1. Kindly report the accessible area of the chain per residue (heavy atoms of protein chains, probe 1.4 Å, no ligands, DNA or RNA), in Å².
2. Keeping every protein chain in place, order THR54, THR101 by accessible area at 1.4 Å, biggest value first, i.e. largest first.
3. When the chain is treated as a GNM, springs tying every alpha-carbon pair under 10 Å, which of GLY76, GLY53, GLY30 comes out with the largest mean-square fluctuation?
4. Just to make sure I understand: if all protein chains stay in place, what is the order of MET71, MET56 by accessible area at 1.4 Å, largest first?
5. Quick check: the angle from helix 39-52's long axis to the longest principal axis of the chain, C-alpha only, nearest 10 degrees?
6. So, taking all protein chains as they sit and a 1.4 Å probe, how much accessible area belongs to HIS24, in Å² rounded to tens?
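The values are calculated or read from the model by the stated rules, or taken from the named source; none is laboratory data. Predicted, not measured: the structure shown is a model, and the values here were computed from it. SASA here: full protein model, heavy atoms, side chains in, ligands and nucleic acids out. Shrake-Rupley method; radii C 1.70, N 1.55, O 1.52, S 1.80 Å.
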Amino acid sequence: DILNANVDWVNENFNSIFKSEDYHAVVILGNARPSAQQRSFFNEIVQVIRTNGTPMIYIHANPEGTSKFAMYKPFGDAGNLDAVQLEDGGVSPPLRVSVGTGSQPFSLG
């Protein structure tokens, strides 16, 4: 299934292609808001970033019926994982994501 294929891709990239010293931040784009349904996907990511302290941001579309931009922590046990909900799906303006260094490397605008 697609979820397991995505988990395999994350494992392959984080565990064999990259080494923790090769990156200082991770940006992942997705469609769905993180929830229990995608927890197995995020478990893999959280395990890697928790081990090396890498900040990560997950940017996703808004759920039906909502239209507000929001930045939040999707899982309480993953302190270095932030999520951003975009507003109005396909009608909002482009979002620029800049990545710097440090514990808060992401700048959105």
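1. On the way: 6720 Å² over 109 residues.
Using a 1.4 Å probe on heavy atoms only, each residue of the chain averages 62 Å².
2. On the way: THR54 5, THR101 110 Å².
Ranked list, largest accessible area first: THR101, THR54.
3. Result for the chain, Cα springs under 10 Å: GLY76 fluctuates most.
4. Numbers: MET71 100, MET56 0 Å².
Final ranking, largest accessible area leading: MET71, MET56.
5. Approximately 60 degrees, to the nearest 10.
6. About 100 Å², rounded to the nearest 10.
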